[in-house]
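The values are calculated or read from the model by the stated rules, or taken from the named source; none is laboratory data. The model shown is predicted, which means the values in this text are computed figures rather than measured ones. Here Cβ is always computed from backbone atoms with ideal geometry, including for glycine, and neighbour counts include all displayed protein chains. Heads up: the accessible areas ignore ligands, DNA and RNA and are worked out on the full protein's heavy atoms, side chains in. Shrake-Rupley method; radii C 1.70, N 1.55, O 1.52, S 1.80 Å.
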Amino acid sequence: GPTASGKSAAAMRLAERFGLDIVSADSMQVYVGMDVGTAKPSAEERARVRHHLVDVVTPAQPFSVADYVRAAEAAIGSVVAEGRSALVTGGTGFYLRALRSGLPTVPPANPEAQAPLWSVVEAGRLEELIEELAAAAPQDAQRAERNPRRVVRSLEVLRSTGKPPSAYPHLPPRYEFDLVVLDPPAERLAERIAERARRMFTAGLVSEVRTLLERYPQQPT
């Protein structure tokens, strides 16, 4: 479900009622210190229900979708081995798709190859990159949704290998999942997001960001 759709609260109720472990599928909650800005589960909530894939790495460490899938499958495996069930909860669609559909076999990101592409983006010429990607791989251009990070990554792969990311097969997923989607009306969601943002500032978001920037000046993500 999207941000502020009530995933975490619903997951807590379900986990407590049915004795489940929660496996986070949030690409930012893996980072230590990113607490307020990611609406990370509180210490009290984590004491009530066991959470996995929260506070895995520092912001100074890279963490890819491949890292996530490997860690999530290991966590689910440990839960299942105890005779329990895991509830995977989060809003990072890329992580959820890779977990459910299998990890893509696309080559790992190459920052050096991406550097000239980012120079074009920073020069305000993202449209040129979108047109190049759309001409060679319309499906990948559509999937990128004009997101600069996705466009750059897709073109990096295309230019380096001659094939777009969509041409690479997926590894078979280790588990099968039942899927539940929370989808509140857009106007209600907008209200909830605004209220959450207000609570974050009250809870010390600015201070948290300042501390993170001072502690981790080099952040790969």
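If you fit an axis through the alpha-carbon atoms of helix 7-18 and take the longest principal axis of the Cα set of the chain, what angle between them do you get, 0 to 90°, nearest 10? Helix 7-18 sits roughly 40 degrees off the main axis of the chain. With the convex hull of its Cα atoms as the shape, the chain has an orientation-averaged projected area of 13.8 nm².
For the stretch 12-106, the calculated P(r) over all alpha carbon pairs, in 5 Å bins from 0 to the bin holding the longest distance, is 2, 13, 24, 25, 21, 11, 3, 1 percent.
Between S42 and L213, residue separation times 0.36 nm minus the direct Cα-Cα distance comes to 59.3 nm. If R0 is taken as 41 Å, the Cβ-Cβ distance between Q139 and A190 corresponds to a FRET efficiency of 0.85. Close amide H pairs (under 5 Å, H built 1.01 Å from N) link H52 with I22, V23, S24, residues at least 5 positions away or on another chain. With respect to the chain, whose longest principal axis is taken over its alpha-carbon atoms, helix 111-122 is tilted by about 80°. Sequentially through the stretch 28-37, phi angles give Karplus couplings (6.51, -1.76, 1.60; θ = phi - 60°) of 9, 6, 5, 8, 4, x, 8, 9, 5, x Hz, Gly and Pro residues having no value and appearing as x. Taking only protein heavy atoms and a 1.4 Å probe, the accessible area of the chain is 54% carbon and sulfur. Accessible surface calculations at 1.4 Å, restricted to protein heavy atoms, place the stretch 84-221 at 68 Å² per residue. Centre-to-centre, using Cα atoms only, the stretch 112-133 and the stretch 141-163 are separated by 10 Å. The slack in the chain from D183 to S119, taken as 0.36 nm per residue of separation less the alpha-carbon distance, amounts to 19.3 nm.
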